[in-house]
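Written out below as structure tokens is the structure these notes cover.
The values are calculated or read from the model by the stated rules, or taken from the named source; none is laboratory data. Just so we're clear, the structure is a prediction, and the values are computed from it rather than from any experiment. In this analysis, Cβ positions are derived from the backbone assuming ideal geometry, glycine residues included, and neighbour counts consider all displayed protein chains. Note: areas computed on protein heavy atoms with side chains; ligands, DNA, RNA excluded. Shrake-Rupley method; radii C 1.70, N 1.55, O 1.52, S 1.80 Å.
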Amino acid sequence: MSTRRTVLKSLALSSLALPAMNVFGEPAPELPNPNDPDYWKKIRDSFMLSKDKVFFNTGTVGAMPKVVVQKVAEHFQKLAADVADWDYKTDIGWISGYYPMPDIRKKIAQLINADAPSIALTDNVTSAMSYIALGLELNRGDEVLTSNQEHGGGRSSWMVREKREGIKYRETVLPKPIRSNDEVLSIIRNALAPETKVLMLSHMLTGSGAILPVKEICAEAKARGIITVLDGAQTIGQINVDVAAIGCDAYVGCFHKWMGAPPGTGFMWVRPELIKTLWTTVSSYQWNNREDEGFRFTQRGTGNYSVMIGMDAALDFHNEVGPQRVYDRIKFLGSYLRDGLRKMPKVKIFSPADEAMCAGITVYNVAGLTGARLQDEFWNRGRMRPRSQGDEFGVRHCTHIYNSEQELDKALGIVNALAG
Ligand SMILES: Cc1ncc(COP(=O)(O)O)c(C=O)c1O
């Protein structure tokens, strides 16, 4: 882990000492011992989030640990000052988008229990999903089935194919709130049609936080020869993802939400046999590399290596805290919030009532309020930032490891006052 001394040294060595380096504040602390009673308070101190505001919008973009910002800034500094050192004989360390970056891809593969060569680095979920949707061999009349609760970044590239090539795009309606795994399973089962060739769904729905029974859904689709593509924008860094156990054909995700990596970091994984058949959408020299399929997609032109360093640091931070510990904490705080909300009769919760289908996303509204109003009330009364979900669905309130019970007590107090 970088120390203040190394940061200052790199500053001193640089001819372009940027004032932005001051954002580091104190050096990133060593991680506390998990037995420490102040463990989570100390983890909170590993983040740069201002203490005079409360952040509940990880579902849009997460807060980065200090060490991530430090690594990104150090590399940016190096690029700005010392790019002349790059002799083009060594292939990595200055820009991304041209090199296979096997170590980072391996780290991602370990996180989701996949094979590294079938992992490609992307800028986000939208580009990962576009590479899959635009790259799959599909014929006019083939159907892509999805739900009515998908994010635009998950569904839109399939709609492009509908308009351009006559692929059929269909949304099946999922309720909000979803009542049970069986309910979802039966809706999807009934929606699958003989012409369905692809089933694309979120692993965790963005507008309710419902974790879908993807293993059972994928088994059902597989039995009918349907390709399954899962959108993991809200899962990576939050809940355990094991693509082998799920049995899906493709999985996309990003690191800038729950993983605390810089914005502009994502990936796609496509089953080895299937990725061989996938056309590249953004193409460069490696477009036809049949040895390293993930590299074909990872090579997408000059990119920001500094954010790759930050992503790597975020993955290390996550692994050091421990994915299970992160999940347990997120889940504990999410349940704490939902338990409090359930005691308020005027509050309607749109996340599933079945706690097994929830983790750190809770969507709810107070009778008579819009989401915009509720969002503003949170800010005006407590400098708290959940995110509006429009007129009907209130706010999406995310809990992460940098949040606390005290913050949730205060948030519940605000809701109670509004619902009173
Ligand atoms: C389910 C889902 N899919 C896709 C996206 C888009 O992600 P990105 O901005 O990484 O492309 C989001 C963002 O909120 C999302 O929640």
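Taking all protein chains as present, what is the carbon and sulfur share of the accessible area of the chain, in % to the nearest whole number, probe 1.4 Å? Provide the component values of the computation, followed by the final result.
Details: 9550 of 18130 Å².
It is 53 percent, rounded to a whole number.
Provide the per residue accessible area, probe 1.4 Å, for the stretch 324-419, rounded to a whole number of square angstrom.
Numbers: 3940 Å² over 96 residues.
Using a 1.4 Å probe on heavy atoms only, each residue of the stretch 324-419 averages 41 Å².
Test of understanding: what is the full-extension gain from residue 103 to residue 319, defined as 0.36 nm times their sequence separation minus their Cα-Cα distance? Intermediate results must be reported in sequence, preceding the final value.
Values: separation 216, 0.36 × 216 = 77.76 nm, distance 1.50 nm.
Taking residue 103 through residue 319 to full extension adds about 76.3 nm, to one decimal.
Just to make sure I understand: if all protein chains stay in place, what is the order of 168, 89 by accessible area at 1.4 Å, largest first? Walk me through the numbers before you get to the answer.
On the way: 168 90, 89 175 Å².
The ranking, largest first, comes out as 89, 168.
Which shape class, rounded, prolate or oblate, goes with the chain when its Cα gyration tensor gives a ≥ b ≥ c as root eigenvalues, a/c under 1.5 marks rounded, and past that a/b bigger than b/c marks prolate? Write down the numbers at each step before the final one.
Working: a/c = 1.96, a/b = 1.03, b/c = 1.90.
The shape class here is oblate.
Given points 7 Å out from each Cα along the Cα-Cβ axis, report the residue 381 to residue 193 separation in nanometres with one decimal.
So the two model labels end up 4.7 nm from each other.
Using the Cα centre of the stretch 95-313 as origin and beta-carbon charges of +1 (Lys, Arg) and -1 (Asp, Glu), tell me which of 282, 186, 261 is placed farthest towards the positive end of the dipole.
282
Counting each DSSP H run of 4 or more residues in the chain as -39500 (n - 2.57), what helix-only mean residue ellipticity at 222 nm follows after dividing by all residues, to the nearest 500 deg cm²/dmol?
Values: 16 runs with 172 residues, N = 420.
Helix-only estimate at 222 nm: -12500 deg cm²/dmol.
Report the gain in length on full extension from residue 302 to residue 410: 0.36 nm times residue separation, minus Cα-Cα distance, nm rounded to one decimal. Walk me through the intermediate numbers first.
On the way: separation 108, 0.36 × 108 = 38.88 nm, distance 4.54 nm.
Full extension from residue 302 to residue 410 adds 34.3 nm.
Cut-off under 13 Å on the C-alpha distance; same-chain residues fewer than 8 positions from residue 222 excluded. Which aspartates and glutamates are left, in chain and number order?
Straight-line reach from residue 222, under 13 Å: 249.
Applying 1/(1 + (r/R0)^6) with R0 = 30 Å to the Cβ-Cβ distance of residue 290 and residue 156, what FRET efficiency is obtained, to the nearest 0.05? Please list the in-between numbers first.
Working: r = 29 Å, r/R0 = 0.98.
With R0 = 30 Å, the Cβ-Cβ based efficiency is 0.55.
List the relative contact order of the chain as a percent without decimals, with contacts defined as Cα pairs under 8 Å and 6+ residues apart. Can you show the working numbers first?
Values: 823 pairs, mean separation 86.9, N = 420.
With pairs under 8 Å counted, the relative contact order is 21 percent.
Along the Cα→Cβ direction, 7 angstrom out, place labels at residue 30 and residue 52. What is the inter-label distance in nm?
Placing both labels 7 Å beyond Cα along the Cβ direction yields 3.3 nm.
Can you give the charge dipole size of the chain about its Cα centre, rounded to the nearest 20 debye, using +1 on the beta carbon of Lys and Arg and -1 on the beta carbon of Asp and Glu?
Details: 50 positive and 47 negative charges, 168 e Å.
Charge dipole, the chain, about its Cα centre: 800 debye, nearest 20.
Hey, can you list the DSSP H helices of the chain whose Cα span along the axis is 27 Å or longer and whose average Kyte-Doolittle score is at least -1.0? Mind showing how you got there, number by number?
Numbers: long enough: 323-342 (28 Å, -0.77).
Helices meeting the span and hydropathy rule in the chain are 323-342.
Would you mind putting 236-245, 345-354 in packing order, based on average other-beta-carbon counts within 10 Å, highest first? Each step should come with its number before you reach the end.
Details: 236-245: 20.3, 345-354: 17.9.
Descending mean neighbour count gives 236-245, 345-354.
Under the rule a/c < 1.5 gives rounded, and otherwise a/b versus b/c splits prolate from oblate, where does the stretch 39-116 land using the Cα gyration tensor? Could you put the intermediate results ahead of the total?
Details: a/c = 2.85, a/b = 1.48, b/c = 1.93.
Cα axes put the stretch 39-116 in the oblate bin.
Grab the Cα-Cα distance for residue 171 and residue 244, subtract it from 0.36 nm times how many residues apart they are, and report the gain in nm with one decimal. Could you put the intermediate results ahead of the total?
Values: separation 73, 0.36 × 73 = 26.28 nm, distance 2.63 nm.
Separation in residues times 0.36 nm, less the Cα-Cα distance, equals 23.7 nm.
Would you mind checking which residues have amide H under 5 Å from residue 174's amide H? H placed 1.01 Å from N; only 5 or more apart, or other chain.
Placed amide hydrogens put 148, 149 under 5 Å from residue 174.
Counting Lys and Arg as +1 and Asp and Glu as -1, what is the net charge of the other residues whose Cβ lies under 14 Å from the Cβ of residue 388? Can you show the working numbers first?
On the way: positive: 373, 385, 387, 396; negative: 376, 377, 391, 392.
The answer is 0.
Suppose R0 equals 60 Å; then what is the FRET efficiency for residue 164 and residue 38 from their Cβ-Cβ distance, rounded to the nearest 0.05?
The calculated FRET efficiency here is 0.60.
Hey, got the dipole for the stretch 324-419? About the Cα centre, +1 on K and R Cβ, -1 on D and E Cβ, debye to the nearest 20?
It comes to approximately 140 debye.
With an 8 Å Cα cut-off and a minimum separation of 6 or more residues, compute the relative contact order for the stretch 301-420 in percent. Intermediate values should be presented prior to the final figure.
On the way: 154 pairs, mean separation 29.4, N = 120.
24 percent.
For the chain, give the share of DSSP beta bridges that are antiparallel, in percent and rounded to the nearest 5; count only bridges with both residues there. Walk me through the numbers on the way to the answer.
Working: 22 of 41 bridges.
If we restrict to bridges inside the chain, about 55 percent are antiparallel.
Rounding to the nearest 20 debye, state how big the charge dipole of the stretch 209-254 is about its Cα centre with +1 on each Lys and Arg Cβ and -1 on each Asp and Glu Cβ. Show your work: numbers first, answer last.
Numbers: 3 positive and 5 negative charges, 15 e Å.
Once rounded to the nearest 20, the dipole reads 80 debye.
If the label point is 7 Å along Cα→Cβ of residue 222, which residues in the stretch 105-134 have backbone nitrogen under 16 Å from it?
Once the point is set 7 Å along Cα→Cβ of residue 222, 113-115 turn out to lie under 16 Å by backbone N, inside the stretch 105-134.
Once the other residues with Cβ under 15 Å from the Cβ of residue 300 are scored (Lys, Arg +1; Asp, Glu -1), what is the net sum? Before the final figure, lay out each step's value.
On the way: positive: 105, 296; negative: 123, 292, 293.
Here the charged neighbours net out to -1.
Among the lysines, select those whose C-alpha is under 19 Å from the C-alpha of residue 66, and discard any that sit fewer than 8 residues away in the same chain.
Here the lysines satisfying the reach criterion relative to residue 66 are 9, 41, 42, 51, 53, 78, 257.
Arrange the peptides 127-135, 104-112 so that the one whose residues have, on average, the most other Cβ atoms within 10 Å appears first. Walk me through the intermediate numbers first.
Details: 127-135: 24.0, 104-112: 19.7.
Ranking the peptides 127-135, 104-112 by packing returns 127-135, 104-112.
Just list whichever of 168/197; 176/348; 106/215 have alpha carbons separated by over 18 Å in the model shown.
Working: 168/197 10 Å; 176/348 11 Å; 106/215 23 Å.
Beyond 18 Å between Cα atoms: 106/215.
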